[in-house]
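Each remark here refers to the structure printed beneath this line.
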Amino acid sequence: MNGSVHSSANVVDIKLKRGPAGLGFNIVGGVDQQYVMNDSGIYVSKIKEDGAAALDGRLQEGDKIMAINGVLLEDRTHKDTVELFRTAGEDVELKVLKKPRHMNGPTGSQPDHQPSVSYLGILAALAGAAAVIAFIYMRRN
């Protein structure tokens with residue numbers, strides 16, 4: 001797995017039934033066009049609205065596809081992987097490494113939310129207040 005250690009709790013099997021628009025997602029990656037540095041894996045780049053993947057709801061953008069119908073995707077080109085998807089049949093089973101979610105607490109990273117007041121906003125408010133005070137001071141003298 002490209003030198004990485006993955007928790008089996010983050011690997012899921014997802015079965016999709018090909019619809020009129022295919023499986024309903026786009027992929028990036030491969031040995032010929034790495035999407036993640038030092039990782040030639042295949043990743044979900046876009047989930048198409050109303051496609052099979054979107055209707056199923058489990059596959060997400062950023063997930064790494066490890067296998068298609070039991071065929072491992074390690075060390076494959078992007079074109080080879082696209083061909084595997086194209087010829088996979090109507091019922092397709094994917095082994096997927098879920099995109100890591102941020103964890104709270106001392107061992108996790110920071111939460112995903114943005115602060116409600118940005119530092120730039122505070123700086124702009126202070127600059128505006130300073131301008132008003134300078135204007136009032138100049139008018140009095």
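The values are calculated or read from the model by the stated rules, or taken from the named source; none is laboratory data. The structure presented is a predicted model; accordingly, all values stated were derived computationally and were not measured. When we count neighbours, we look across all protein chains shown, and the Cβ atoms used for this are built from the backbone with ideal geometry, even at glycine. Note: accessible area is taken over every heavy atom of the protein model, side chains too, but ligands, DNA and RNA are not part of it. Shrake-Rupley method; radii C 1.70, N 1.55, O 1.52, S 1.80 Å.
Counting the residues of segment 55-94 that are small (G, A, S), part of a loop (DSSP other than H, G, I, E, B) and either open to solvent by less than 30 Å² (accessible area, probe 1.4 Å) or closer than 14 Å to R18 by Cα (or both) gives 3.
Are any residues in segment 12-29 open to solvent by 40 Å² or more (accessible area, probe 1.4 Å) and either closer than 24 Å to S40 by Cα or of a type in the set (D, E, K, R) (or both), and if so, which ones?
Of the residues in segment 12-29, the ones open to solvent by 40 Å² or more (accessible area, probe 1.4 Å) are 12-13, 15, 17-18, 20-21, 26.
Correct list: V12, D13, K15, K17, R18, N26.
Within segment 23-50, residues that are at positive phi and among the small types (G, A, S) have Cβ atoms under 8 Å from residues that are open to solvent by 40 Å² or more (accessible area, probe 1.4 Å) and at pLDDT below 90 in these pairs: G24/D50; G29/Y35; G29/V36, counting only partners at least 6 apart in sequence or on another chain. Of the residues making up segment 95-135, those that are modelled with pLDDT under 75, over 24 Å from R58 (Cα atoms) and open to solvent by less than 80 Å² (accessible area, probe 1.4 Å) number 3.
Find the residue count for segment 37-51, including only residues that are part of a loop (DSSP other than H, G, I, E, B) and either open to solvent by less than 20 Å² (accessible area, probe 1.4 Å) or not acidic (D, E) (or both).
The number of residues fulfilling the criteria is 6.
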